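One structure is given here, and the rest of the page talks about it.
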Amino acid sequence: CVLCGRTEDCPEKYGEKKTYVEYNLTVHYYCLLMSSGIWQRGEEGEGIDGFLITDIRKEVNRAAKLKCNICKRKGASIGCVVPKCKRGYHFPCGLQKGCIFQFMEDFRSYCWEHKPVQKLTHNECGGTSQCTICLDLVEQLPMHGVLKSPCCKNAWFHRDCLQYQALSAGIFFFRCTVCNNMEKFQKEMLRMGIHIPERDASWELEENAYQDLLQCYQHCDIRRCLCKKGRDYHEPDSKWEIKRCQCCGSRGTHLACSSMKSWEENWECLECRNIFAKSGKYRKRSKCSLATSDKTDGTPSLLEEPSPKCPRQSPGSRHNFLLQSPKILCQINSSPCLPIEHPASNRMTMSLSPLMPNSNCSQRKNHLRMQRREVSNVLKELKLQINTKTTRLNINAENIWHSALKGFRQRNFSPTNTIEVMFANSKSRSKADTSTASKYRFFHLLMLHLQNSPLFEGSSVKNLSFDFQGNSTLFSLVHGGPPPGFFSKTLFNCLVYGPENVKPALEDVADVDVAKTIKMIKYANSLSSLQSTVRDCYEFLAAAGCLRPVTDLCDKDVLVNDILSHHVIKRILSPLESFSQGLRTLGVLEKMQMHPDLFSSIMCHKPERLSAKIVCDLFTIHPSSNVKKCEGANFWMAYLQDVESGESLVTLEDILVFVTGSSSIPPVGFDPEPTIKFFDRSYPVGNRLFNCLELPITRTYEKFKNKMEFSIRNTLRLENK
C-alpha cells in the first residue's frame, strides 16, 4: 500500500486492497479513506472511489515527510483530529495502538490518548459477561477491545465481533443483538469506530438465496370449486385469483369460490379456524370462510359454502338502486340522471341520488363520511407545503420497506419535495404512470407492509410493538397516500393526548399469555385465588414492575390497570416517541391534535367501500354537444350500476385504477379532480396525468359496456405482467 507500506490483504481490518495497474498504485481502502489531507473531489466512478489520482499522489508526497509516532517510519498520513495533538500514524499502526477511526461525517481520527470512551458507572464495571455474538467471555471493563450496548444494560461485545457483524449485516440490518434497537445502537458504534458499510446484508446479496421461498401454494381447496378450468387455475386480479390462508399458507381458495372481494386480504382455512375455535380465539368473519363444513345437525354453519349461483359483487353492493336495467334508464322521459349544467361553470356534475332509496347507512357511517371530507380539507392545507422540486425514489416492490427507507435517507430527499417513484421492473412505463400510478402503488404497498409487519401488534386493530424502529412514514398522507385504518383507539389517543393521559383496555393486549394472566387476575372470585394467581405470576409481575401486596380482593383492579399500563404503554414509550417524531413531519401530528375526531376516522377506521354512487359523485362531466344526443352520461351511470351488482367482469376498484392508478380514494383527494370527457373514439382511455376518463360515444348501451370491459381488463392485465 502506497500509504501504509504494508502488504497484508485483510479487508476486515484495512478495507479492500486494490491494485490499479494503469495508475501504478496499490492502496488499502481504509488507508485512503482516513488520510487527513485528501478528500473525494471526484464522482463515484472517477479516479479511485471518487479520490482523484493527482490528489492521491499529493497525499503520498505529503505523508512521506511525516514520521509515524508508533513505528517511527515515514508515511504517517493520518493525524489526530484534536487541534493541540501533533501525533501522526499509519492506519494499521493506529489500529494496533488502539486509536479510534470514525467512519462517518468528516472521517475523524483520534489517537490513543484523545479517543472517545464509553461512560460506564461503577456498578457496570467489573466481572465477566458473554459476548452476545460469539458467546465467549468478555471482561466488563472500559477497554478498547470491549464495547457495551447503549440500549441494553447487560449486553457486551468484543470489538472484533461487532466489526465482523457490521460488515456482514450492512447499514440496513446492523442492530443490537439483544433488543434489536438500530438507531441508537448504530450511532454509538459509529462513534466508537465501528465501520458500517452502506450496503445490503451479505445474505441478501447471494444470488437465488431465497429461491425456495418463492414457491407459492396455488390450489383451490374448496369442496365445490366453481372454476371450470380446474382447481390449479390462477388468474391474478380476477375472480379466479387464488388467496392463501393467512395463518398457515398451505390452503387456498378462488375469490369466487368463497364469495370474496378483490380487496379482501384476510382468509382462514377450515383447519386453522378449528384450531382457533378450540383455543377460544375464533371470531366471526363474514365472507372469508372456507366452504368445506359438513352440517351434522341441520343448522346453518358459519363455514357454509356460498351458492354457486351467487354473482360476484363489488364492494358497496348493499346499496340497491331502483334502476335495474339500462333499458329502463333510457326510457325515462324526464331523464333524472342526465348531467345538470351549472351556470357558473363549464362543467356538469352527475348524481345518482334521485334514483336511490333512502340511505340504509347507519348514522355512524354518515358521521364518518362527513369527517373524512373535512380531513381532506385539512390535508389539502398541509399539501401547500409541497414544492415543485422532485425527488425520485427507486423502489423494489419485493423489498418495499428497506428500499423505501433507503430512498428516504437520500441526501436530497425532503418530505416537502414532490415524490416520483420508479419501480425496479417498470422501465417501460410512461412518465404519467411514474408520477401517479407508481406513487399510489408505492404508498399502498408501504402501508400494507406496515400493517402486516412486526412493527405493529394486534389483529384487526393494532398498537405499536416493542420492535418498532425508525420514524413514521405517515407524511405520505399529504402526498396522496392511503390512510392506515388499523390504529387502535389507545394508540391514536397516545399520539394525540399523550401516553400519560390514556387508559388502555384488555383488548389492546396482543400477547396471548399476557392477556391470559390479566384475565386470571381480573376474574379472580376470591382473595385466596387472587393471591395464588399472583404467586404463579411472580416473575412476570416483578419484571413488569407491577408486584404489590394483595390484601383485599379489590386490589385486583389496581393490579390489572398497572399491568395494562406497563404492557401497552410504558413498555413502548421509546418507540412511541420515535413514531410521534415522524408524525411531526409536515405538521401531521399537530393537525391530529387540533382535529382528533376528524383524523380518527382515517387512522382507526377502514376506508369506505366503493359504491356506484361514490364513484359517480367522484367524477364530473365536461359538456359536449353530443353528450345528450348519445346519452353517454346515462350509459356511464348504468354501467356503474352493472359493475356494482356483479353483472360485469370488472370492479369499481378496477375503474378507479384505470383512470387514476389508485384502487381507493386517498384522504387528501385526487389532484386534479377526476373528470369525464366524451369523444368520437373507438375505446375508452384513462388519462392518469389528468385523472380524466375519455369515453367513446356509442349508439347502444351494449357497445358501450363491451368497449369498457375490453379496455379496462386488457389495460390492467398488461400492467400486472
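The values are calculated or read from the model by the stated rules, or taken from the named source; none is laboratory data. Just so we're clear, the structure is a prediction, and the values are computed from it rather than from any experiment. With ideal geometry, Cβ positions are generated from the backbone for all residues, glycine too; neighbour counts draw on all protein chains shown. The protein model used for the area step is the full one, side chains on, heavy atoms only, and it has no ligands, DNA or RNA in it. Shrake-Rupley method; radii C 1.70, N 1.55, O 1.52, S 1.80 Å.
Evaluation of residue 260 against the conditions (1) among the aliphatic types (A, V, I, L, M); (2) modelled with pLDDT under 85; (3) in contact with a helix residue (DSSP H, G or I) (Cβ under 6 Å, 6 or more places away or on another chain) shows that the sole unmet condition is (3).
Every listed requirement among (1) assigned to a helix (DSSP H, G or I); (2) touching a Leu at 6+ places or on another chain (Cβ under 9 Å); (3) open to solvent by 20 Å² or more (accessible area, probe 1.4 Å) is met by residue 547 save one, (1). The residue that is farthest from residue 171 (Cα to Cα), counting only those in the stretch 364-412 that are of a type in the set (Ser, Thr, Tyr) and assigned to a helix (DSSP H, G or I), is 376. Filtered by the rule that a residue be of a type in the set (Asp, Glu) and more than 29 Å from residue 383 (Cα to Cα), the stretch 660-696 gives a lone residue, 680.
In the set (1) within 13 Å of residue 1 (Cα to Cα); (2) free of Cβ contacts under 8 Å to residues at least 24 places away in the same chain, the condition left unmet by residue 31 is number (2). If only residues of the stretch 645-660 that are out of contact with any Gly (no Cβ under 6 Å at 6 or more places or on another chain) and part of a helix (DSSP H, G or I) are counted, the one that is farthest from residue 256 (Cα to Cα) is 660.
Checking each residue in the stretch 551-574 for being open to solvent by 20 Å² or more (accessible area, probe 1.4 Å) and aliphatic (A, V, I, L, M) picks out 553, 558, 573.
Residue count for the stretch 222-254 under the criterion of being open to solvent by less than 40 Å² (accessible area, probe 1.4 Å) and either of a type in the set (Ser, Thr, Tyr) or closer than 14 Å to residue 267 by Cβ (or both): the result is 10.
Inside the stretch 2-38, residues that are on the phi < 0 side of the Ramachandran plot and assigned to a loop (DSSP other than H, G, I, E, B) make up a count of 16. Given the criteria surrounded by 13 or more Cβ atoms within 10 Å (Cβ to Cβ), at pLDDT below 90, within 46 Å of the chain's Cα centre (by Cα) and of a type in the set (Asp, Glu), does residue 105 qualify? Criteria not met by residue 105. Condition test on residue 562, is it charged (D, E, K, R), touching a residue at least 24 places away in the same chain (Cβ under 8 Å) and at negative phi? Considered against the rule, which asks whether it is charged (D, E, K, R), touching a residue at least 24 places away in the same chain (Cβ under 8 Å) and at negative phi, residue 562 comes out as no.
Among the numbered conditions (1) surrounded by fewer than 12 Cβ atoms within 10 Å (Cβ to Cβ); (2) assigned to a helix (DSSP H, G or I), the only one that residue 514 does not meet is (1).
Please go through the stretch 667-721 and give me each residue that is in a loop (DSSP other than H, G, I, E, B), within 14 Å of residue 636 (Cα to Cα) and in contact (Cβ under 8 Å) with a residue 24 or more places away in the chain, ordered by number. The answer is 683, 684, 697, 698, 699.
The selection criterion, being surrounded by fewer than 17 Cβ atoms within 10 Å (Cβ to Cβ) and either within 23 Å of the chain's Cα centre (by Cα) or closer than 30 Å to residue 538 by Cα (or both), holds for residue 577.
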